[in-house]
Amino acid sequence: MKGAVLFSLMCVAAGAVVRAAEVLRPRGVPLSKASFYDPSRDFSCLDGSGTIPFSYVNDDYCDCQDGSDEPGTAACPNGFFHCTNAGHSPLTLPSSRVNDGVCDCCDASDEYASSANCVDVCRELGRAAREEAVKRREERLRGFQLRQAMIEDGHKRKKEAEGKIEDLKKEKEEADTLRTEKEDLKKAAEEPEKEALEKYRAAESEKKAQEQAQQKEKDEAEAREAFAHLDNNGDGVLTKEEMMSRQTFDTNRDGQVSEEEAKFYLQQEDTMSLETFIGTGWAMMRPVYLMDKRMFTPPSTTPPPQPEEELTPPPPVFDEEDPYMTDGELDDEEDEERYEEEEEEVEVEVVQA
């Protein structure tokens with residue numbers, strides 16, 4: 001019983017507070033503009049266009065250009081009507097919708113003088129809106145919690161990835177260190193071999209250069225000797241007449257050397273100097289010249305070189321087919337076979353030239 005009485009007293013007190021908090025203002029005026037509508041003094045248009053008695057406010061006649069004197073009627077085409085909509089969201093709409101037969105405000109305040117049967121449903125709409133707001137809040141909360149969980153999972157995964165990266169970096173450093181050590185060992189092992197190989201290559205290059213120089217000197221000496229042999233008058237110039245006097249250059253084997261054959265070896269010139277002969281002429285004449293020289297080898301006037309020390313001759317080697325042939329006889333037989341093969345090769349080169 002005492003609880004019921006206490007509850008009743010609390011409700012009365014709350015109603016008194018609400019009534020004390022209510023601000024009297026004309027219909028259609030929002031609370032933020034209530035101070036401009038003081039019934040104890042004349043009303044000034046909000047745009048400053050004029051001042052009228054307060055009794056002209058909401059008299060269904062538009063006195064102010066901005067329509068601020070008719071907030072609760074449809075008299076001014078540019079006016080606005082404010083719905084308080086207690087228990088729900090307030091609403092501001094054009095004053096032309098006031099008393100138009102359509103319920104725009106949930107508290108039915110816009111149709112106070114029309115035939116529309118509007119009822120105050122703001123509490124129901126407000127309750128539904130609040131329930132919807134609670135649902136949206138719960139959804140946002142669940143989304144926020146899910147987002148936080150994903151963030152934490154992302155941080156965890158990031159730390160794990162960073163840890164793996166650090167492990168991989170350490171493994172890479174260890175592998176690089178091991179590779180460097182092995183490369184150093186390999187270089188240390190290959191260095192003597194490399195030095196020996198370089199010395200060998202240098203020696204081979206030097207030997208090859210010496211051999212080429214010796215061969216060049218030998219070829220040049222051979223060319224000078226051949227030029228001196230072909231230059232009958234020894235004037236240092238080889239003429240076509242001197243070439244025609246040599247059966248060596250009878251390429252068609254008709255018994256005489258024609259002028260065309262002679263000029264062929266003189267490179268279509270009448271004469272050839274020693275320099276030209278050494279440079280290009282000897283290369284063309286050498287095959288036929290050596291072939292002729294080997295066919296008619298003159299006796300050598302150069303004494304054989306004396307050996308520096310007496311060598312003991314090796315024991316005689318006998319051929320399997322003829323066991324009574326000595327080494328000298330075998331060498332002579334091999335020389336004859338080699339000369340025959342070289343003569344055949346020279347004849348082939350001459351025919352091709």
### Query
Which ones in the range 235-248 are closer than 18 Å to ARG224 by Cα and not basic (Lys, Arg)?
ASP235, GLY236, VAL237, LEU238, THR239, GLU242, MET243, THR248
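Residue-by-condition table, conditions (1) outside the structural domain of HIS88 (by the TED database); (2) closer than 30 Å to HIS88 by Cα; (3) surrounded by 10 or more Cβ atoms within 10 Å (Cβ to Cβ); (4) not basic (Lys, Arg):
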{"position": "ALA133", "(1), (2), (3), (4)": "yes, yes, yes, yes"}
{"position": "GLN148", "(1), (2), (3), (4)": "yes, no, yes, yes"}
{"position": "GLU152", "(1), (2), (3), (4)": "yes, no, yes, yes"}
{"position": "GLU162", "(1), (2), (3), (4)": "yes, no, yes, yes"}
{"position": "ILE165", "(1), (2), (3), (4)": "yes, no, yes, yes"}
{"position": "LYS172", "(1), (2), (3), (4)": "yes, no, yes, no"}
{"position": "ALA175", "(1), (2), (3), (4)": "yes, no, yes, yes"}
{"position": "LEU178", "(1), (2), (3), (4)": "yes, no, yes, yes"}
## Note on the structure
Subset of the range 88-100, residues over 20 Å from TYR61 (Cα atoms) and free of Cβ contacts under 8 Å to residues at least 40 places away in the same chain, comes to LEU91
### Task
Could you please find all residues in the range 115-158 being assigned to a loop (DSSP other than H, G, I, E, B) and in contact with a Cys (Cβ under 9 Å, 6 or more places away or on another chain)?
ALA116, ASN117, CYS118, VAL119, ASP120, VAL121
### Task
Within the range 73-88, track down each residue that is under 16 Å from PHE36 (Cβ atoms) and in contact with an Asp or Glu (Cβ under 9 Å, 6 or more places away or on another chain).
CYS76, GLY79, PHE81
### Message
Being among the acidic types (Asp, Glu), without any contact (Cβ under 8 Å) to a residue 40 or more places away in the chain and out of contact with any Ser or Thr (no Cβ under 7 Å at 6 or more places or on another chain) is the requirement here; does ASP42 meet it?
### Response
no
### Summary
Here the residues within the range 223-245 that are free of Cβ contacts under 8 Å to residues at least 24 places away in the same chain and not aliphatic (A, V, I, L, M) are GLU225, HIS229, ASP231, ASN232, ASN233, GLY234, ASP235, GLU241, GLU242, SER245
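The values are calculated or read from the model by the stated rules, or taken from the named source; none is laboratory data. Bear in mind the structure is a predicted one, so any value in this text is a computation, not a measurement. So basically every Cβ, Gly included, is an ideal-geometry build from the backbone, and we count neighbours across all protein chains shown.
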